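Worksheet: one structure, shown below.
Each reported figure results from applying straightforward, stated rules to the coordinates on display, with no laboratory input. A quick note: this is a predicted structure, and the numbers were derived from the prediction, not measured. Don't worry about glycine lacking a Cβ; one is built from the backbone with ideal geometry, like all the others, and counts go over all protein chains shown.
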Amino acid sequence: NFCIYFILCCAECFRPADNTASVLLSGKYNEYHFKTWMSQHSKDYDLTEYSYRLRIFTENKRTIDHHNAGDHSFKMGLSQFTDMTFGEFKKSYLLTEPQNCSATKGNHVVSSGPYPDSVDWRELGNFVTPVKNQGHCGSCWTFSTTGCLESVTAIARGKLLLLSEQQLVDCAQAFNNHGCNGGLPSQAFEYIRYNGGIMTEADYPYKGSDAPCQFVPGLEAAFVRDVINITSYDEKAMVDAVARLNPVSLGFEVTSDFMHYKEGVYTSSMCSNTTDTVNHAVLAVGYGVEEEGGAPYWIVKNSWGPSWGIDGYFLIERGRNMCGLAACSSYPLV
Ligand SMILES: *[C@@H]1O[C@H](CO)[C@@H](O)[C@H](O)[C@H]1NC(C)=O
Ligand SMILES: *[C@@H]1O[C@H](CO)[C@@H](O)[C@H](O)[C@H]1NC(C)=O
């Protein structure tokens, strides 16, 4: 390749003061990473899109490398989102409007403890379904809801079913949910309760876009007897619920640093901690304490597929209402 040869040669012989050669070389290096990443994630672009995505990828990779060179409690990494700006990511995957997650006095009754140092419902039995992928639809709240109801039902009935997110996307509007434009787990549990149940994933498969409601009475596979909300910002009550009862649905604010999360305990100074900025819903399946340093964390199931984060999961700091994670948590009684 003449171009590469020329650059190397030029760099060797002239050492240009403006550093053009090393900039060009690092451009080749970025493009190499980009192409490898493209094939890993089966991405394909036309020519204009290619150079635009390469630019964003390079920018994101610089952010990731810079973060990982520093001293942080979590690592960033490449993911299926590395070719997107945070603005694009937000529009496709997050709740863009504030939801009705207002500070509430909940109806969860806290016991006196004591609680184990760590709990992981994935290890306590066959209680947690595999990580799913919401695709380009602001339907995180439906995955948080099914994930929680799947676990609560499995704990109560001994049978782990996959439940339908699409039914919630299509049919739960009367409870202030808005399909791919957002919703809240507690409002989705209310829908399931008053609807008289939810169908299985197999009977009502996921499309990842808004569609007319196709609920079929008689095919309900799981039920909600009552909806339990945990008092806003009472993170100890969340520990109580996860330790004694089941996984718990929670909302929090995703900021740009979270999009690149790879592993470790996520903490952020970018996000806020109030009800009005919550833009993502997920499922706490356990908690623990880091062996080194003793940082307390939640173990959280996400809905961005199994290749994001730690096999689709992430850890987030526990005990400080990090990113508003204690703002609106809930679970169903079955
Ligand atoms: C919040 O609740 C009010 C009253 O129930 C409703 O009119 C409004 O649409 C809700 N907002 C969202 C984003 O769901
Ligand atoms: C939010 O964070 C601020 C600053 O750290 C803190 O003073 C406040 O108590 C927090 N509020 C809630 C609801 O957690």
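Debye sum, Cα scatterers, segment 88-175, no solvent: what log₁₀ I/I(0) at q = 0.13, 0.15, 0.25 1/Å? Debye intensities relative to I(0), on a log10 scale: -0.63, -0.82, -1.24. Electrostatic tally near Pro98: other residues with Cβ closer than 15 Å to its Cβ, Lys and Arg +1, Asp and Glu -1, net -2.
Restricting the calculation to alpha carbons of the chain gives Rg and Dmax of 22.3, 79 angstrom.
A Förster distance of 35 Å, applied to the separation of the beta-carbon atoms of Asn68 and Thr104, puts the FRET efficiency at 0.35. Restricting attention to the chain, close to 95% of DSSP beta bridges with both partner residues there are antiparallel. Computed log10 I(q)/I(0) for segment 110-239 at 0.09, 0.22 Å⁻¹: -0.27, -1.37, from the Debye equation with unit scatterers placed on every C-alpha and solvent omitted. Applying 1/(1 + (r/R0)^6) with R0 = 25 Å to the Cβ-Cβ distance of Asn176 and Met270 gives a FRET efficiency near 0.35.
The length gained on full extension between Asn126 and Ile310, counted as 0.36 nm times the residue separation minus their Cα-Cα distance, comes to 64.3 nm. Amide H contacts for Tyr266 (H built 1.01 Å from N in the peptide plane; partners 5 or more residues away or on another chain; cut-off under 5 Å): Leu315, Ile316, Glu317.
Each 5 Å bin from zero up to the one holding the largest Cα-Cα distance in segment 230-280 carries the following percent of pairs: 4, 17, 21, 23, 21, 12, 1.
Farthest toward the positive end of the dipole of segment 239-334, out of Phe252, Gly293, Leu315, is the Cα of Phe252, where the dipole comes from beta carbon charges about the Cα centre.
Rounded to the nearest whole Hz, the Karplus-based 3J(HN,Hα) values (6.51 cos²θ - 1.76 cosθ + 1.60, θ = phi - 60°) of segment 222-231 follow the sequence 9, 9, 10, 8, 7, 10, 10, 9, 9, 3, with x at glycine and proline.
Helix-only mean residue ellipticity at 222 nm, the chain, DSSP H runs n ≥ 4 weighted -39,500 (n - 2.57), per residue, nearest 500. What is it?
Working: 9 runs with 115 residues, N = 334.
Helix contribution divided over all residues of the chain: -11000 deg cm²/dmol.
Here Glu59 and Lys159 are evaluated by their C-beta separation; at R0 = 51 Å the FRET efficiency comes out at 0.60. Straight-line reach from Lys75: taking Cα to Cα under 26 Å and skipping same-chain neighbours fewer than 8 places apart, the lysines in range are Lys28, Lys35, Lys43, Lys61, Lys90, Lys91, Lys132, Lys262, Lys301.
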